[in-house]
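These notes concern the structure reproduced below.
The values are calculated or read from the model by the stated rules, or taken from the named source; none is laboratory data. Since this is a predicted model, take the numbers as computed values, not measurements. Cβ placement follows ideal geometry from the backbone for every residue including glycine, while neighbour counts extend to all protein chains displayed.
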Amino acid sequence: MKQFTILLLALALFSCEQEKKQTYTVVGGTVENNTAENVVIRGTDFEAKLPISLEGTFLDTLTLQNDGFYQLYVGRERAEIYLEKGQNLTVNLNTEEFDESLKYSGDLANPNNFLAQKYLWNEKNLDFKYLFTRDEDSFLNKLNEDQKALDSLYASHNIKNDNFKKMLAEEDKYSKASLIENYQSAHSYYTMKPEFQVSQGFYESLNDINFSDTLAFRNSASYQNLLSVHFNRVASKEALEGDNSEHTLYFLKSVDEALPDGYAKDKLMYDHLQFGLKADRHLGENYDIYVKSNPNPKNLAKLTERYNLLKSLMQGEPSPTFDFENHKGGTTSLDDLKGKYVYIDVWATWCGPCLREIPSLKEIEEEYRGKNIQFVSISIDEPKDYEKWRAMVTEKSLVGIQLMADNNWESKFVKEYGILGIPRFILLDPKGNIVNADAPRPSDLKLKEVFDSLL
């Protein structure tokens with residue numbers, strides 16, 4: 001309590017010393033049950049680390065370039081906050097109940113307490129599966145109903161800040177537009193109807209949105225997300241008419257045509273290419289589009305390094321090798337599997353998407369039993385989850401060859417394949433050469449087409 005009193009006194013002194021409006025922003029607060037070293041505040045081209053004392057307090061002055069929405073991190077937890085130049089904010093929280101405990105005071109208390117309540121409302125009421133399985137009219141009606149509920153919540157906080165109100169309205173518009181942009185792919189996923197298409201005119205409600213507003217891109221994370229979703233939808237539409245492996249190519253071309261060279265174009269392309277740049281027939285073309293877009297030199301250097309790695313993973317190249325512990329005892333190496341096609345699943349017991357693929361993987365293993373193909377699952381669990389891995393393989397009756405990587409994410413095999421996310425599927429030929437370094441998932445109908453063409 002003593003530390004908190006000192007904190008309030010410090011904030012008061014900052015205020016009293018300024019007879020005219022200050023240009024810096026004072027942010028402080030208390031963190032109960034803290035294990036982090038810093039409170040981190042991030043925004044576009046902005047990051048500040050506020051050290052947390054042994055007593056759990058923090059206090060610092062920030063020089064903001066823009067008023068607006070920022071992200072506040074304590075360890076792995078985060079919250080959206082609103083900051084303005086010259087306006088102070090005090091944050092109090094308990095890491096054991098992070099979202100529920102957030103309380104704000106100071107100049108910007110009302111807007112930020114609303115944001116905290118808005119997050120809890122969304123957490124309680126926003127069910128994506130329910131939302132995206134609705135038909136078009138029901139989906140759009142639900143979006144409008146939810147917005148009315150949030151408008152009522154906003155009104156209850158009696159916020160007088162016109163700048164916040166204006167920026168919040170923009171954020172809500174971008175968030176709603178992102179859900180509309182996502183509807184077709186999400187509806188297909190949740191209803192398991194891959195051929196689903198929205199009706200003509202479904203996107204007309206987005207006609208008033210400028211999808212090349214570089215200023216909004218700098219100032220709004222929601223707008224950044226909207227553009228990413230939008231250009232991914234555009235790419236998916238084009239890919240449906242051709243080869244789905246061309247998705248990244250269409251994405252890059254759409255962004256390149258829509259935006260001028262600069263921050264927005266570079267961030268959209270770079271963020272997409274971190275995962276979208278793959279060892280396929282478009283690798284060189286995708287890389288060249290990015291090189292010619294006048295990219296940020298640091299980003300270009302990182303993607304060039306990845307490009308060079310991926311060139312070694314093209315079809316026909318020899319696969320990186322492994323020799324890992326087998327669940328049944330001993331070890332199994334890639335050399336032990338020569339003579340058969342090998343379909344590799346890189347996964348972990350904590351990975352939800354990995355676990356969702358297991359039923360499809362078991363089905364396809366059964367369908368191709370006796371064929372010239374060997375199914376291999378490689379867990380990259382950490383040592384602390386070793387027993388969990390052993391138990392899960394048994395409990396879920398996982399078949400195929402079940403292996404444990406020797407150093408999780410840092411395993412030589414994982415690093416040489418440049419694996420950044422799981423599940424990851426790899427297909428090799430009987431000589432141990434790469435057929436596809438990023439093969440279709442078991443749940444993807446295209447996988448059977450690939451198998452049938454080879455076996």
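Some points to look at:
- Test: Leu310 is touching a residue at least 12 places away in the same chain (Cβ under 8 Å), under 20 Å from Leu428 (Cβ atoms) and among the hydrophobic types (A, V, I, L, M, F, W, C): yes
Conditions tested, residue by residue: (1) surrounded by fewer than 15 Cβ atoms within 10 Å (Cβ to Cβ); (2) at pLDDT below 95; (3) part of a loop (DSSP other than H, G, I, E, B).
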| position | (1), (2), (3) |
| --- | --- |
| Ile159 | no, no, yes |
| Lys165 | yes, no, no |
| Arg218 | no, yes, no |
| Leu227 | no, no, no |
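- Being surrounded by fewer than 16 Cβ atoms within 10 Å (Cβ to Cβ), at negative phi and β-branched (Val, Ile, Thr) is a description that applies to Val399.
- Whenever a residue of region 350-377 is buried (at least 18 other Cβ atoms within 10 Å of the Cβ), its partners that are of a type in the set (Asp, Glu) and part of a helix (DSSP H, G or I), lying with C-beta atoms within less than 7 angstrom and at least six residues away or across chains, give the pairs Phe375/Glu365.
- Residue check for Asn433: at pLDDT 95 or above, more than 21 Å from the chain's Cα centre (by Cα) and on the phi < 0 side of the Ramachandran plot: yes
- In region 399-411 there is at least one residue matching the filter, namely being without any contact (Cβ under 8 Å) to a residue 40 or more places away in the chain and under 22 Å from Leu273 (Cα atoms).
- Ser212 being among the small types (Gly, Ala, Ser) and either free of Cβ contacts under 8 Å to residues at least 40 places away in the same chain or buried (at least 20 other Cβ atoms within 10 Å of the Cβ) (or both): no
- Counting only helices (runs of 4 or more DSSP H) that sit completely within region 238-335, those holding 3 or more residues that are among the charged types (D, E, K, R) correspond to 247-258, 263-276, 297-311.
- Entry remark, region 24-46: residues being within 21 Å of Thr95 (Cα to Cα) and part of a strand (DSSP E or B) number 11 in total.
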